[in-house]
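Student: Got a structure for you, written out below as structure tokens; questions coming shortly.
Any read-out appearing in this document is the output of simple, stated calculations on the displayed coordinates, not a laboratory observation. In this text, all values refer to a predicted model and were calculated from it rather than measured experimentally.
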Amino acid sequence: MQKLLFHDRDSFRAQALFLGKKINLQRLENYVCLATMPVMVTIGEHGCAVLLGYGAVVLFNLEPVEKVAFLTKISSQVSDSFPNPETEEVEVHLNIVESERVKEGKIFLHEFSVERLQIVADILAKSVVLSHYETSLATVFDQIEPFAASLQADNRSKRKSRELLRQLGTTLLVQHKIVGRVEIIDKPELLWESPQLENLYLRLEDEYEIRERHNALERKLELISQTAQIVLEFMQHSSSQRVEWYVVILIVVEILLSLYDIIFKR
């Protein structure tokens, strides 16, 4: 039997935050655990939170003071926390008549069960992670365009090339994070135990365009990877040309020295 929450309410606010690269879920203390996969704990008097190991947390029905206290308490368990965490909010409403879906920017559920809120948390967490990396890649794209134009200029800077490569290398780690750790397009394990909630998951996934946004990120990552390869080839070609000129200069010097010996030391 599914456990129900918020019996005295017909709506509340949910907020997702992408706090950092990882949350240590093994060291959570003094919380009543409502569920696992993903972890859900009670917070404050009437709220709860879902914590994802890849660095996201989703808060349900928390007062501002309770939110600040909770985030402060778990901050020590967040690795490589972001100075300005990406966040997303939505209202969750109870509606037992209509189908479970997103309408006018609000999520409507048949009941406030733990399992349903876990599904909501999974989608909101993925959405906020996608937003974070969408912003990051937009910054890299702004840097790529002027650099690509400078490849044809005579005043190309190898130092700038190396800096760009470092930035591109960092960006390419996004693919590992969103595919390997966050598993953006994978369904949550919860659906194996509660297959009746799959329609809810699919509706929310479609409304938040999780797959479409993931595919767009994949295309951008591929373009960035191609740019990095072009930069590497350019740098290797430039280095090869420089070595060839060194060899030519050495040969010319050797010829001049030989001529000197022949002409002046006979």
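Student: Using modelled amide H (1.01 Å from N, peptide plane; none on Pro or chain starts), what sits under 5 Å from the amide H of residue 34, excluding residues fewer than 5 places away?
Tutor: Amide H to amide H, under 5 Å and 5 or more residues apart or across chains, residue 34 pairs with 40, 41, 42.
Student: Can I ask one more? Residue by residue through segment 115-131, which ³J(HN,Hα) values in whole Hz follow from phi under the Karplus form 6.51 cos²θ - 1.76 cosθ + 1.60 (θ = phi - 60°), with glycine and proline marked x?
Tutor: So the J values, rounded to whole Hz, are 5, 5, 5, 5, 5, 4, 4, 4, 5, 5, 5, 5, 5, 6, 5, 4, 4.
Student: Hey, could you grab the Kirkwood Rh for segment 50-137? Inverse mean 1/r over distinct alpha carbon pairs, Å, one decimal.
Tutor: 14.5
Student: Any chance you could run the full-extension gain for residue 202 through residue 69? It's 0.36 nm times the residue separation minus the Cα-Cα distance, nm to one decimal.
Tutor: The residue 202-residue 69 span can extend by a further 44.5 nm.
Student: Name the residues whose placed amide hydrogens come within less than 5 Å of the amide hydrogen of residue 20, ignoring near sequence neighbours (fewer than 5 apart) on the same chain.
Tutor: Residues meeting the criterion, in which the H sits 1.01 Å from N, are 82.
Student: Take every DSSP beta bridge with both residues inside segment 37-134 and express the antiparallel ones as a percent of the total, to the nearest 5.
Tutor: DSSP beta bridges in segment 37-134 are roughly 75 percent antiparallel.
Student: Whole-Hz Karplus ³J(HN,Hα) for segment 3-20, in order, using 6.51 cos²θ - 1.76 cosθ + 1.60 and θ = phi - 60°, x for Gly and Pro?
Tutor: Couplings: 7, 9, 10, 6, 4, 8, 10, 10, 6, 6, 9, 10, 9, 9, 9, 9, 7, x Hz.
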